[in-house]
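Report on one structure; see the data block that follows.
The values are calculated or read from the model by the stated rules, or taken from the named source; none is laboratory data. On a predicted model such as this, the values are computed, not experimentally measured, just so you know. Virtual Cβ from ideal backbone geometry, glycine too; neighbours counted across all protein chains shown.
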Amino acid sequence: MSHPARPGLPSAVSRARWLLMGLFALTGIIFSSWLARIPSVRDLLDLSTGELGLMLLIGSLGALLTVTFAGVVVQRFGSRTSLLLSTAVLAVGYVLMGVGPTVGSVPLLGVGIFLNGVAIALGNVPLNVESARIERAMGRTVIPQFHAAFSIGAVTGSAIGALASHFDVSVALQFSLVAAVAVAWRLGSLRGAVLDDAPGDRPRPIGIPVAAGVAQVPAGRRRRIASALDSWREPRTLLIGVVVMAAALSEGSANDWLSLAVVDGFAEPEAVGAAMLGVFVGAMTLVRLLGTRLIDRFGRVVVLRASGSVALVGLVLFGFAPTLPLAGAGVVLWGFGAALAVPIGIAAASDDPLRAAGRVAVVSSFASVASIAAPPLLGIAAAATGARHALVLITVAMVASVLLAHRVAPESPDGIEPRVEPSDAVSDDLALDRVSRHVVRRPRVRRRRPVRVP
């Protein structure tokens, strides 16, 4: 028995894709518009470097604590409810981050930063889970484009912060406006960004591999097959988490230290360091926008190995280049190599839609650990060797990423990475019907012979 086609679904998927990309961009704006005003926050509260570092650490701890149970929340209540909760927490936290420095209250700032970390972690898991659903529905790689939208949003958020600082806009006013826009944006997008049903969400019969093109998740139901916490006992998920941690370490270290490394390593002004960071973000965004075809053509494993190798070369070149132009070439290679690793890891963690929420939460926890541990560890190394040479230590993580690249291959019985072909709702239904005939044993119905009346 074939399922009826839903002709309106492809347009719903397309709409959800663009709305979700907007939500990723909004996350980047929220993230960077706050970071751009950190100097103002520090001056208003007269914080030392150590005290400021402690405040930032509070946010990372909030994110780490939240991401450990965010998968359970998404699996139990769904992406839409999780994003609503995240939006409510974000609104409160973001306003407190502006009010605290304005009234001279360090505790208020700390509470705001903690809640902001909670909101970001609680929102990231459903956003990544939904991006994987859209990728399955479209039948081709698109997850890197969502992360490119985040990068574009981050650049926009930095510009908003810079303009607010230039025109002496108070942090309380700026953060309150950003919070209001974020709430309105999210509430206006949730209805269409989170799909109730999509190609790629239908159940597949037991024994049929993922490569058969038939989906795995029951349509319109959130059946709990296993606890989201079970993902912490899966070796493949943990090793994918190591890959994501290496990628987060590479990208996050550039955000934190690249500008300073250029200023100190080449005796250049701050503007040059900021421009070099812009080169890194631009290179990474470009590959995220255009590199999806590489994944479709060569597969995740090959692309991840190439990405790690390119990032490795770029880091070594930047760390030991005798001139700034040569170091700039290293930054470009570093950005190219850092672009696709996190999206690939998220896609790999989302192969089984029923377990996607828990697995995405696990790999996100590894990324949070990297964001917590990297700044102080690199700071200690930078004090001894200089920031530019300290960044070369990230090559160890790149080597680990290359060695573990085979772990991101899509799950299938034979371990072979399948090629994804575009499909629509009708073809999915027909495929499900065909394979069901070979797997599901239908009971034989005996027909009664008609009784002959003499």
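What are the residues in region 279-305 that are touching a Ser or Thr at 6+ places or on another chain (Cβ under 7 Å) and charged (D, E, K, R), if any? Within region 279-305, Arg288, Asp296 meet the criteria.
The single condition among (1) outside the structural domain of Gly337 (by TED's automatic domain parsing); (2) modelled with pLDDT under 80 that Asp256 does not satisfy is (1). Of the residues in region 358-368, not one is touching a Phe, Trp or Tyr at 6+ places or on another chain (Cβ under 8 Å) and aromatic (Phe, Trp, Tyr). Looking across region 319-335, the residues that are out of contact with any Lys or Arg (no Cβ under 7 Å at 6 or more places or on another chain), farther than 15 Å from Ala246 by Cα and either crowded, with 18+ Cβ neighbours inside 10 Å or of a type in the set (Val, Ile, Thr) (or both) come down to Ala321, Thr323, Ala327, Gly328, Gly330, Val331, Val332, Leu333. If we scan region 32-49, do we find a residue that is assigned to a helix (DSSP H, G or I), surrounded by fewer than 19 Cβ atoms within 10 Å (Cβ to Cβ) and of a type in the set (Phe, Trp, Tyr)? Scanning region 32-49 turns up no residue that is assigned to a helix (DSSP H, G or I), surrounded by fewer than 19 Cβ atoms within 10 Å (Cβ to Cβ) and of a type in the set (Phe, Trp, Tyr).
Among the candidates Val95, Val103, which residue alone is modelled with pLDDT of 90 or more and closer than 30 Å to Val194 by Cβ? First the steps, then the outcome.
Details: Val103 fails: closer than 30 Å to Val194 by Cβ.
After applying the criteria, what remains is Val95.
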